[in-house]
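Taking it in order: structure first as structure tokens, then the write-up.
The values are calculated or read from the model by the stated rules, or taken from the named source; none is laboratory data. These numbers were taken from a predicted model, which means no experiment stands behind them. Quick reminder, even Gly has a Cβ in these numbers, built from the backbone with ideal geometry, and neighbours come from all protein chains shown. Heavy atoms of the whole protein, side chains included, go into the accessibility calculation; ligands, DNA and RNA do not. Shrake-Rupley method; radii C 1.70, N 1.55, O 1.52, S 1.80 Å.
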Amino acid sequence: MTTSSSNTMLPPPDDTPLILGTHRLTSRLIVGTGKYTTYELMRDCLEASGADVITVAVRRERLIDKEGRSILDFIDLQRYTILPNTAGCFTADDAVRVARLGREILSGLENPGADWVKLEVLGDTKTLLPDPVATLQACEQLVADGFQVLCYTTDDPITARRLKQAGATSVMPAGSPIGSGQGVLNPNNIRICLEYLKDGDPNYPVIIDAGVGTASDVSFAMELGCDGVLLNTGIASARDPHRMAHAMRLATISGRLACLSGRIPRKLYATASSPEIGTVPPLPR
């Protein structure tokens, strides 16, 4: 008797790239560069994440560690596109100034990230929730200044819609407060954000930004229909950041595949997997 077997796993079907303005991303996971204990660990986790876009706080970029090293010394600028962010800004004017500073820095480095910005305008230091009014004001100014704006906001659908109307390249609602690790607290609001933002524009990119703590949070966000996930603390503050970076990469892929596949409907009662009609073959004697 001849038995044939194969351990070759078929690859998943091809997916379309994530389009953010003029940028095409092969990975739907965007990762940050803060909170790592060493630059070497950050470098290794960036690679493990599979991300091709990484976000850097412009304020922190100018800082060096105790050995006089810059964070940019540990980022392969030929491999990664830098997404500068305005973390730590609490007014629209401050965020616009920092965004322009980031553009100047990256233009000098000839990195393709010079034309966009992740906009954050925070309301206070306790919650780190975005100030919706100042965020809208800053978004309008930066769009007028030629930026492609990826806008961090709350999960409020009305605010999300106004940011899109203001010209945001992508609206990025928070799953939960920054660094909290609580995951997606209000999936119904995220669903409404997706409905409002994609109404008449199904390819408009919506990215969950902030609050995810582990791989299942990432998968859930993708299964809801989000186009990508942006995170930092979930990897950098994990007990084993390098392993978690791998987990987040795989979770992004699996969540996206599940979303595209379409889950079965939830039912109150069981449905048999095996056919209930047909002839039952006799048992061998």
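With charges set only on the Cβ (+1 for Lys and Arg, -1 for Asp and Glu), what does the dipole of the chain come to about its Cα centre, in debye to the nearest 20? Don't skip to the end; give the middle numbers.
On the way: 28 positive and 32 negative charges, 138 e Å.
Charge dipole, the chain, about its Cα centre: 660 debye, nearest 20.
May I ask you to list the trypsin sites (Lys or Arg not before Pro) in region 164-241 that are in a DSSP loop and have at most 12 other Cβ atoms within 10 Å of their Cβ?
R239
Give me, ordered by chain and number, the residues 5 or more places off T55 or on other chains with an amide H under 5 Å from its own placed amide H.
Under 5 Å from the amide H of T55: V31, G32, T33, L83.
Percent relative contact order of the chain, based on C-alpha pairs within less than 8 angstrom and at least six residues apart?
16 percent
Compute the FRET efficiency between K126 and L257 as 1/(1 + (r/R0)^6), taking r as their Cβ-Cβ distance and R0 = 51 Å, and round to the nearest 0.05. All intermediate terms of the calculation are to be shown ahead of the outcome.
Numbers: r = 38 Å, r/R0 = 0.75.
So, using R0 = 51 Å, E works out to roughly 0.85.
Looking only at the chain, where both bridge partners belong to it, what percent of the DSSP beta bridges are antiparallel (to the nearest 5)?
Just about 20 percent of them are antiparallel.
Using the heavy atoms of the protein chains alone and a 1.4 angstrom probe, what is the accessible area of region 76-176 per residue in square angstrom?
Ligands and nucleic acids excluded, the result is 41 Å² per residue.
What are the ³J(HN,Hα) values, in whole Hz, obtained from phi via the Karplus relation 6.51 cos²θ - 1.76 cosθ + 1.60 with θ = phi - 60°, for each residue of region 145-162 in sequence order, with x given for Gly and Pro?
Computed from phi, the couplings for region 145-162 are 8, x, 7, 8, 9, 9, 10, 6, 8, 6, 8, 6, x, 5, 4, 4, 5, 5 Hz.
With each label point set 7 Å from Cα along the Cα-Cβ vector, what nm distance links R191 and R69?
That separation, rounded to one decimal, is 4.7 nm.
Using 0.36 nm per residue, how much length does the chain from L41 to R243 gain when fully extended, once their Cα-Cα distance is taken away? Intermediate values should be presented prior to the final figure.
Values: separation 202, 0.36 × 202 = 72.72 nm, distance 1.14 nm.
Here the segment from L41 to R243 would lengthen by 71.6 nm.
Using only DSSP helix segments of four residues or longer, with each worth -39500 (n - 2.57), what per-residue ellipticity at 222 nm results for the chain after dividing by its residue count and rounding to 500?
Value at 222 nm, helices only, nearest 500: -11000 deg cm²/dmol.
Distance cut-off 24 Å, Cα to Cα: go down the list K118/K198; K35/K118; K35/K164 and report the pairs above it.
Going by Cα-Cα distance, K35/K164 fall outside the 24 Å limit.
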